[in-house]
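Before we start, here is the structure in question, set down as C-alpha cells.
The values are calculated or read from the model by the stated rules, or taken from the named source; none is laboratory data. Note that the structure is a prediction, hence the values are computed from the model and not measured. When we count neighbours, we look across all protein chains shown, and the Cβ atoms used for this are built from the backbone with ideal geometry, even at glycine.
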Amino acid sequence: MKHGIYYSYWEHEWSAKFGPYVEKVAKLGFDVIEVAAHHINEYSDADLAAIKQSAKDNGIILTAGIGPSKTKNLSSPDADVRKAGKAFFEQTLANVAKLDIKSIGGALHSYWPVDYSQPVDKVGDRARGVEGIHGIADFANNLGINLCIEVLNRFENHVLNTAAEGVAFVKDVGKPNVKVMLDTFHMNIEEDSFGDAIRTAGPLLGHFHTGESNRRVPGKGRIPWHEIGLALREINYTGAVVMEPFVKTGGTIGSDIRVWRDLTDGADEAKMDEDARNSLAFSRFVLGG
Ligand SMILES: O=C(CO)[C@H](O)[C@H](O)[C@H](O)CO
Ligand SMILES: [Mn+2]
C-alpha cells in the first residue's frame, strides 16, 4: 500500500500549479502525490518533463484526480458534449501519461459537482456513462492508465453513490483498466458499513481516498479507521491510499467542496505540513503500508 496526499490541501484553485509540491510532499514522507488534471492540458511538454524528473529524483509516484466540467460530461444527453468530453479526456490522458501517471480518479463517468437545479436522469446518465467510459478505456489502457470511477455522495453526484453501484457500473463497462474508487468522506454519508463497502469493491478497488467526515486529515475525527484498515487488509489492497483533506475556504476549491468555515484552525503553512505529516504516520499505522 502506498500513501499519498492531494496537493489541493494547500491550495484554493484547481488550476494551481502542482510541480512545486512534488518535493514538499516527498519531504513530508509521502510515497504519492495526487495532482489535479483539470488544467493539465495547459502545461507545456517541458513543464511536464521537469515535473516527471522531479518525481523521479524525489522517489515520488504521481496519481491524477479530476472533476470533469459539465461541458466535458461523457454522460450528457447532448451528443456534442459527449464528443467534447471524449476529446478532452484523450488530450488529458495523453498529458497525464507524460508524467508516468498510471491512475486517474474522479467522476470520470459524469461531471462534478452536479447541478441539481435541473432534474436528473439517473438511468440515462448511467447508461451513457458506461458507454462513455467504455469508449475511452482502451485509449487509456494503451497509455498504461487505469480509470478509477469515484463513488460520490448524493449531494455531489447522482449516478454512483454506493460501492455496490460502483461495482455494477465497472462490471457493465467490462474493461480490465476500469476500476472502482472509494472515498471515506462519501462512504460516511452513503454506506451502511465501511468494511462491507470495501469488501464489496474487493479486487475491483483501484484507488482509495481518505478524509474525515468534515474532510479534515485522517486521525482528527470519528471515521472508523480501524475497521477500514482491517477491510483493506482483508481484500489485500495494494494500491494507493490518498488523503484528500479540504480545510481551507475560498477559491474554486473552497466553493466546489463547500468549505464555509476555516477548518485549519488558523494554521500557517508549517502547521498544515505538520498536520499532514502526523496524519501520514497515523494512516500508515492504522491502514497499513
Ligand atoms: O472526493 C471528491 C469530491 O468530493 C473528488 O475526489 C475530487 O475532489 C474531485 O474529483 C476533484 O478532483
Ligand atoms: Mn475523493
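Within the range 35-85, work out how many residues are among the small types (Gly, Ala, Ser), part of a helix (DSSP H, G or I) and within 16 Å of ligand 1 (Cβ to nearest atom). If you could, list the steps in order and put the result at the bottom.
Pass one, the range 35-85, residues among the small types (Gly, Ala, Ser): 36-37, 44, 46, 49-50, 54-55, 59, 64-65, 67, 69, 75-76, 79, 84-85.
Still in the list and also part of a helix (DSSP H, G or I): 46, 49-50, 54-55, 79, 84-85.
Now restrict to residues that are within 16 Å of ligand 1 (Cβ to nearest atom): 85.
Of the residues in the range 35-85, 1 are among the small types (Gly, Ala, Ser), part of a helix (DSSP H, G or I) and within 16 Å of ligand 1 (Cβ to nearest atom).
Can I ask one more? Considering only the range 252-261, I want to know if a residue exists there that is closer than 27 Å to Glu11 by Cα, touching a residue at least 60 places away in the same chain (Cβ under 8 Å), touching a helix residue (DSSP H, G or I) at 6+ places or on another chain (Cβ under 6 Å) and not β-branched (Val, Ile, Thr).
So far as the range 252-261 goes, no, none of its residues is closer than 27 Å to Glu11 by Cα, touching a residue at least 60 places away in the same chain (Cβ under 8 Å), touching a helix residue (DSSP H, G or I) at 6+ places or on another chain (Cβ under 6 Å) and not β-branched (Val, Ile, Thr).
Would you please list the contacts, defined by Cβ atoms under 7 Å and residues six or more apart or on different chains, that run from a residue in the range 203-223 that is of a type in the set (Ser, Thr, Tyr) to a residue that is assigned to a loop (DSSP other than H, G, I, E, B)?
Once the first residue is of a type in the set (Ser, Thr, Tyr) and sits in the range 203-223, its partners that are assigned to a loop (DSSP other than H, G, I, E, B) give Thr210/Pro218; Thr210/Glu244; Ser213/Gly221; Ser213/Arg222; Ser213/Ile223.
Does Ser103 qualify as being within 14 Å of ligand 1 (Cβ to nearest atom), hydroxyl-bearing (Ser, Thr, Tyr) and on the phi < 0 side of the Ramachandran plot? Before the answer, list the steps.
On the way: within 14 Å of ligand 1 (Cβ to nearest atom): yes; hydroxyl-bearing (Ser, Thr, Tyr): yes; on the phi < 0 side of the Ramachandran plot: yes.
Against the criterion (within 14 Å of ligand 1 (Cβ to nearest atom), hydroxyl-bearing (Ser, Thr, Tyr) and on the phi < 0 side of the Ramachandran plot), Ser103 qualifies.
Could we say that Asn41 is more than 16 Å from ligand 2 (Cβ to nearest atom), free of Cβ contacts under 8 Å to residues at least 40 places away in the same chain, more than 17 Å from Tyr6 (Cβ to Cβ) and touching a Ser or Thr at 6+ places or on another chain (Cβ under 9 Å) here? Don't jump to the end; show me each part of the working.
Numbers: more than 16 Å from ligand 2 (Cβ to nearest atom): yes; free of Cβ contacts under 8 Å to residues at least 40 places away in the same chain: no; more than 17 Å from Tyr6 (Cβ to Cβ): yes; touching a Ser or Thr at 6+ places or on another chain (Cβ under 9 Å): yes.
No; evaluated as a whole, the condition is false for this residue.
So, one more: What number goes with the only condition from (1) surrounded by 20 or more Cβ atoms within 10 Å (Cβ to Cβ); (2) more than 16 Å from ligand 2 (Cβ to nearest atom); (3) β-branched (Val, Ile, Thr) that Val241 does not pass?
(2)
To keep it simple, each residue is scored yes or no on (1) modelled with pLDDT of 95 or more; (2) within 16 Å of ligand 2 (Cβ to nearest atom); (3) within 18 Å of the chain's Cα centre (by Cα); (4) crowded, with 16+ Cβ neighbours inside 10 Å.
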| residue | (1), (2), (3), (4) |
| --- | --- |
| Lys56 | yes, no, no, no |
| Ile60 | yes, no, yes, yes |
| Pro68 | yes, yes, yes, yes |
| Lys72 | yes, no, yes, yes |
| Pro77 | yes, no, no, no |
| Lys83 | yes, no, no, no |
| Phe89 | yes, no, yes, yes |
| Leu99 | yes, no, yes, yes |
| Gly105 | yes, yes, yes, yes |
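Yes or no: the range 114-132 includes at least one residue that is under 24 Å from Tyr237 (Cβ atoms), in contact with a helix residue (DSSP H, G or I) (Cβ under 9 Å, 6 or more places away or on another chain), surrounded by 15 or more Cβ atoms within 10 Å (Cβ to Cβ) and touching a residue at least 12 places away in the same chain (Cβ under 8 Å). Steps first, please.
As a first pass, look at the range 114-132 and keep what is under 24 Å from Tyr237 (Cβ atoms): none.
Within the range 114-132, none of the residues are under 24 Å from Tyr237 (Cβ atoms), in contact with a helix residue (DSSP H, G or I) (Cβ under 9 Å, 6 or more places away or on another chain), surrounded by 15 or more Cβ atoms within 10 Å (Cβ to Cβ) and touching a residue at least 12 places away in the same chain (Cβ under 8 Å).
From the list Val35, Val81, pick out the single residue that is at negative phi, among the β-branched types (Val, Ile, Thr) and touching a residue at least 12 places away in the same chain (Cβ under 8 Å).
Values: Val81 fails: touching a residue at least 12 places away in the same chain (Cβ under 8 Å).
Result: Val35 is the single residue among Val35, Val81 that is at negative phi, among the β-branched types (Val, Ile, Thr) and touching a residue at least 12 places away in the same chain (Cβ under 8 Å).
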